Amino acid sequence: MGLFKRRPPAPVTGHAGDDATLAELVRLKVDLTRPRRWEHFLYCADADGERFLVARARHAGWDVDALASGDHGVVASRSDLPVDASTVPEARTFFESLAAHVDGGEYDGWGTEAD
C-alpha cells in the first residue's frame, strides 16, 4: 500500500474553460459521479428571446428563472445530474445552440456546487 493516494485524472471535455473548472472540482475532491446543483447563464436582447430560452430550457428538463436585474436572460438549473466529462459538453452544446437562436444571444457558462 502506497503512502500517497493518487488523485483521479481531471476529466477532459475539449473546452479549456470547462476542463479547468472540472480539474478544480477534482482538486477539491468533489465526487463528480454524484448529482449536484448546476446553473447555466444565458443572455439575450429582448423579452421575445427570453421567452424562447425559458420555453426551450424548461422543455429539456431545466428549472428556469429570468434575470432579476432588468437585463434579458435566464439562469437554468437542475440538481439531478452529475457534472462530468459527458454532461458538461452536452449542456454546453445545448445552451450555445439556444443562445444562437435569439437576438443578442450569449451563453455565459456554468457553475456548480463543490459539496
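The values are calculated or read from the model by the stated rules, or taken from the named source; none is laboratory data. The model shown is predicted, which means the values in this text are computed figures rather than measured ones. Virtual Cβ from ideal backbone geometry, glycine too; neighbours counted across all protein chains shown.
When restricted to residues that are within 15 Å of Phe95 (Cα to Cα), touching a residue at least 12 places away in the same chain (Cβ under 8 Å) and either touching a helix residue (DSSP H, G or I) at 6+ places or on another chain (Cβ under 8 Å) or aliphatic (A, V, I, L, M) (or both), region 44-65 contains 8. Just one of (1) of a type in the set (Gly, Ala, Ser); (2) free of Cβ contacts under 8 Å to residues at least 12 places away in the same chain; (3) within 17 Å of Gly109 (Cα to Cα) fails for Gly73. It is (2).
The residue pairs whose first member lies in region 79-95 and is closer than 15 Å to Asp63 by Cβ, whose second member is of a type in the set (D, E, K, R) and surrounded by fewer than 17 Cβ atoms within 10 Å (Cβ to Cβ), and whose beta carbons are closer than 9 Å, counting only pairs six or more residues apart or on different chains, are Ser79/Arg37; Ser79/Asp63; Ser79/Glu113. Being under 23 Å from Glu113 (Cα atoms), touching a residue at least 40 places away in the same chain (Cβ under 8 Å) and out of contact with any helix residue (DSSP H, G or I) (no Cβ under 9 Å at 6 or more places or on another chain) holds for only one residue in Arg27, Arg34, and it is Arg34. Taking every residue in region 1-17 that is under 18 Å from Glu90 (Cα atoms) and modelled with pLDDT of 60 or more and pairing it with any residue that is of a type in the set (Gly, Ala, Ser) and not in a loop (DSSP other than H, G, I, E, B), at least 6 positions away or on another chain, the pairs with Cβ-Cβ distances below 7 Å are Ala10/Ala23; Gly17/Gly109. State whether the residues of region 84-93 include one that is surrounded by 15 or more Cβ atoms within 10 Å (Cβ to Cβ) and outside any helix (DSSP H, G or I). Yes, the conditions are met somewhere in region 84-93.
Regarding Ala68, is this residue assigned to a helix (DSSP H, G or I) and either at pLDDT 95 or above or surrounded by fewer than 12 Cβ atoms within 10 Å (Cβ to Cβ) (or both)? Can you show your working first?
On the way: assigned to a helix (DSSP H, G or I): no; either at pLDDT 95 or above or surrounded by fewer than 12 Cβ atoms within 10 Å (Cβ to Cβ) (or both): yes.
Answer is no for this residue.
Look at Val26 and say whether it is surrounded by 13 or more Cβ atoms within 10 Å (Cβ to Cβ) and of a type in the set (A, V, I, L, M).
On the way: surrounded by 13 or more Cβ atoms within 10 Å (Cβ to Cβ): yes; of a type in the set (A, V, I, L, M): yes.
It is true that Val26 is surrounded by 13 or more Cβ atoms within 10 Å (Cβ to Cβ) and of a type in the set (A, V, I, L, M).
Looking at Gly61, Gly49, Gly104, just one residue is of a type outside the set (Phe, Trp, Tyr), surrounded by 12 or more Cβ atoms within 10 Å (Cβ to Cβ), assigned to a loop (DSSP other than H, G, I, E, B) and at pLDDT 95 or above, and that residue is Gly104.
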